[in-house]
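The values are calculated or read from the model by the stated rules, or taken from the named source; none is laboratory data. Because the structure is a prediction, the values reported are computed rather than measured. Glycine gets a Cβ as well: all are built from the backbone with ideal geometry, and neighbour counts include every protein chain shown. The accessibility values were calculated without ligands, DNA or RNA, using every heavy atom of the protein model including side chains. Shrake-Rupley method; radii C 1.70, N 1.55, O 1.52, S 1.80 Å.
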Amino acid sequence: MRPLRFGVPVSLLSLTLAPLAMADNDPHKLDAVTVTASRSQGEVGKTPQKVTVITRQELEDQLAITGDQAQVLSNLIPGYAPSRQKLSNAGESFRGRNPLFLVDGVPQSNPLRDGSRDGYTIDLSMVERIEVIHGASAEHGLGATGGIINFVTRRPEGDRVRQHAGVSVSAPTDYESDGLGYKADYRVEGLHGKWDYLAGVTYQSRGLFYDANGDAIGVDNTQGDIMDSESHDVMVKVGYWFDDNQNLQLTVNRFFLEGNHDYVIENGVRRNRTPTTSEKGDPEGKPTRNEVLTTSLNYHNLDLAGNDLQVQLYTQRFRARYGGGTFPTFQDENIDPDNNLFDQSQNESDKIGGKITLNRDGLFNRRVKLTTGLDVLQDETSQVLVHTDREWVPETRFQNIAPFLQGEWRVTNRLTAQAGVRYEYAKLDVDDFTTLAYYGDDHKQGNRVVGGDPSFDETLLNGGLTYQITEGLQLFANYSEGFGMPDVGRVLRAIGDDGARVDDFLDLRPIVTDNREVGIRLDQHPVTFEASYFESDSDLGARLADNGSGFFEVKREKTEINGVEARVGWQVEENHHLSASYAHTSGKYDGDDDGHLESRLDARNIAPDRVTLRWQARWTSRLRSQIQGSHYFSRHFDDDNTNFDGYNLVDLSLVYQLPKGQLSGGIENLFNEDYFTYYSQSATKREDQYFKGRGRVITVGYSLDF
């Protein structure tokens, strides 16, 4: 019988799924962990690029405080922008650019029509850990100009049937019954002969959010909201072991979130700091929602003639419905001569792709490791108007093929060099189409656009060095290039010239981002420290700019971003750990196309500077606690009307192990800070998006493993 640990062969754990066990003398230090988001199976703490692994315990501590997934990411990733506390993650940048979201390596982001809904495609109860690669990377292809955030789903553990059940309830301390939220989750997993399996389901009902004054926060019925909503997630995972080295695994995950559509918005007034609020009502149209089906079939052979082979086939079906209105963009006199036409849009994306990765270690006197592979992707994306069945964005087919080669050379016992090359070939295919009437000269007839099939190719390079000065002190440096596309759908739908040709439209050219980073790591018990400085440049970026009416257009301009990230940890004693992190990001762009970077990037692209302090304590064998506080520094932008007034947020969580089960409690915004969110203050001027942040919220949960 094959050797088992956590339900999979020990040999596999040592290579791709290293257990998240803690070192004996430091409960916050991980044993060697291999990052599956790294195609060459890089080990945390030994890569030339900054990598963070968020463990399951860290996730549980955060989920005891908040059910907002973007807030969890922001709390644990210093370079990630503050959560909008909405379904839309527009403006939630990572190092000043967009991250690529993955679920077990399957891309969730939809860059061809970036509707900013890719942060909500899986419930975090289904996630074992989150792997974060900071900075531009081409390892998984299109879209990772800011970095990679890979949600690694749970896997079967142990050699018997195991079950888990959990419930939680949350409420604002200024109690209102419609502010109550509930969540329940159940999971079963086990092993039977050569088969292993896991099935899980979650259900969550979110109430209305309230600010520190006990006033209802405005519901975003246009871009989508997580408050006043219901969601569920169903995941099934089945694996078959041919022998100790070969495994085939199928994973299916369906996530669904939809607003309850119970409230209407009451616009705020920025000039006198009156926030946007909600009141009971019956909004027109259909509720906003996300519906995502992700499937993957993975084959892994640990010893194919001495090579480690991984093959993945995947699909993703993504539907994101937005709220509606009688927006000028939607008007068409041929349908409604009174120009009072209500409509709402839905983004539709269907992906199918495959990844092949071949690793060979121990070459040339065990000093060289080579990784090669091939990625293919087809993505069909469109944006339709729900009520009138019009195409706002025509169906766009994107085909991508990318072979790559990556090498690692252990030059000496202290110096390791890495280098790689990836060739990207991409092709867009757009049929002839007609824009909405709004974009025509007289707003009575849309512009006819001649379709085309422009193609692009880029050779992307990366290289890096790590130097081990002492056993606990390391320097690292990295250069990497990322490959992305502008928001193709936003560009196509707004073509203002009748008879334009897609093949001639230069704004569809890809974005190539150059990322440079240098840093230092110290791991000398009881202290750990990591700091890095990075620069990110793009000769032809894709900046979203307000067109003056509260909506955004794509601007293709040269951009440069730089920043600093630092984190220090101190194991005060065996059961108490203190940590502090700091992140700073700034950027400029060439707004007048004169070759000089004269304008500062705004809040939609750049996060505020932030320092976060965290104290984790284990008081007894049963009780542990965490208190964390973040200070967001005030910031001045070029536009005097969009300055940011900083604020402080403090959260507390407690977990107590009962004789049977586990009890958790959390308080979000412990001191009931009264504030407007970063995005609402500085990234938009719309009166209907002048939202305050949540006031104090208490969450209590109970879970049982049996």
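Restricting segment 458-476 to residues that are more than 31 Å from the chain's Cα centre (by Cα) and polar (S, T, N, Q), the residue that is surrounded by the fewest Cβ atoms within 10 Å (Cβ to Cβ) is T470. Given the options T251, T222, name the one that is outside any strand (DSSP E or B), of a type in the set (S, T, Y) and either in contact (Cβ under 8 Å) with a residue 40 or more places away in the chain or more than 23 Å from K685 (Cβ to Cβ) (or both). From the options T251, T222, the qualifying one is T222.
Taking the listed residues T145, T153, the one that is open to solvent by less than 10 Å² (accessible area, probe 1.4 Å) and of a type in the set (S, T, N, Q) is T153, with no other qualifying. Of everything listed in (1) within 24 Å of N515 (Cα to Cα); (2) open to solvent by 60 Å² or more (accessible area, probe 1.4 Å); (3) over 30 Å from the mean Cα position of the chain (by Cα), the single unmet condition for Q445 is (1).
Of the residues screened, S137 is one that is at pLDDT below 95 and either hydroxyl-bearing (S, T, Y) or surrounded by fewer than 24 Cβ atoms within 10 Å (Cβ to Cβ) (or both). On inspection, G629 does not qualify as open to solvent by less than 30 Å² (accessible area, probe 1.4 Å), within 30 Å of R162 (Cα to Cα) and within 24 Å of the chain's Cα centre (by Cα). Being modelled with pLDDT of 95 or more, in contact with a His (Cβ under 6 Å, 6 or more places away or on another chain), of a type outside the set (D, E) and open to solvent by 20 Å² or more (accessible area, probe 1.4 Å): is that true of Q310 here? It is true that Q310 is modelled with pLDDT of 95 or more, in contact with a His (Cβ under 6 Å, 6 or more places away or on another chain), of a type outside the set (D, E) and open to solvent by 20 Å² or more (accessible area, probe 1.4 Å). Quick check: is even one residue across segment 78-89 of a type in the set (A, V, I, L, M), open to solvent by 10 Å² or more (accessible area, probe 1.4 Å) and either part of a loop (DSSP other than H, G, I, E, B) or at pLDDT below 90 (or both)? No: zero hits. For segment 588-626, the set of residues classified as within 20 Å of Q681 (Cβ to Cβ) and charged (D, E, K, R) consists of R600, D602, R604, D609, R610, listed by residue number. Residues in segment 477-499 that are outside any strand (DSSP E or B) and either surrounded by 16 or more Cβ atoms within 10 Å (Cβ to Cβ) or out of contact with any strand residue (DSSP E or B) (no Cβ under 9 Å at 6 or more places or on another chain) (or both): M485, P486, D487, V488, G489, R490, V491, L492, R493, A494, I495, G496.
The condition (being assigned to a strand (DSSP E or B), among the aliphatic types (A, V, I, L, M) and either open to solvent by 10 Å² or more (accessible area, probe 1.4 Å) or over 28 Å from T52 (Cβ atoms) (or both)) is satisfied by just one residue among A212, A184: A184.
Under the condition of being of a type in the set (D, E, K, R), surrounded by 15 or more Cβ atoms within 10 Å (Cβ to Cβ) and in contact with a strand residue (DSSP E or B) (Cβ under 8 Å, 6 or more places away or on another chain), which residue from segment 248-283 is nearest to A216 (Cα to Cα)? Within segment 248-283, the match that is nearest to A216 (Cα to Cα) is E266. Of all residues in segment 42-55, those being surrounded by fewer than 20 Cβ atoms within 10 Å (Cβ to Cβ) and touching a Leu at 6+ places or on another chain (Cβ under 6 Å) number 1. Selection of segment 107-163 for residues being among the hydroxyl-bearing types (S, T, Y) and closer than 30 Å to Y197 by Cβ yields S109, Y120, T121, S125, T153. Here S74 qualifies as open to solvent by less than 10 Å² (accessible area, probe 1.4 Å) and free of Cβ contacts under 8 Å to residues at least 40 places away in the same chain. G285 passes every criterion in (1) assigned to a strand (DSSP E or B); (2) at positive phi apart from (1).
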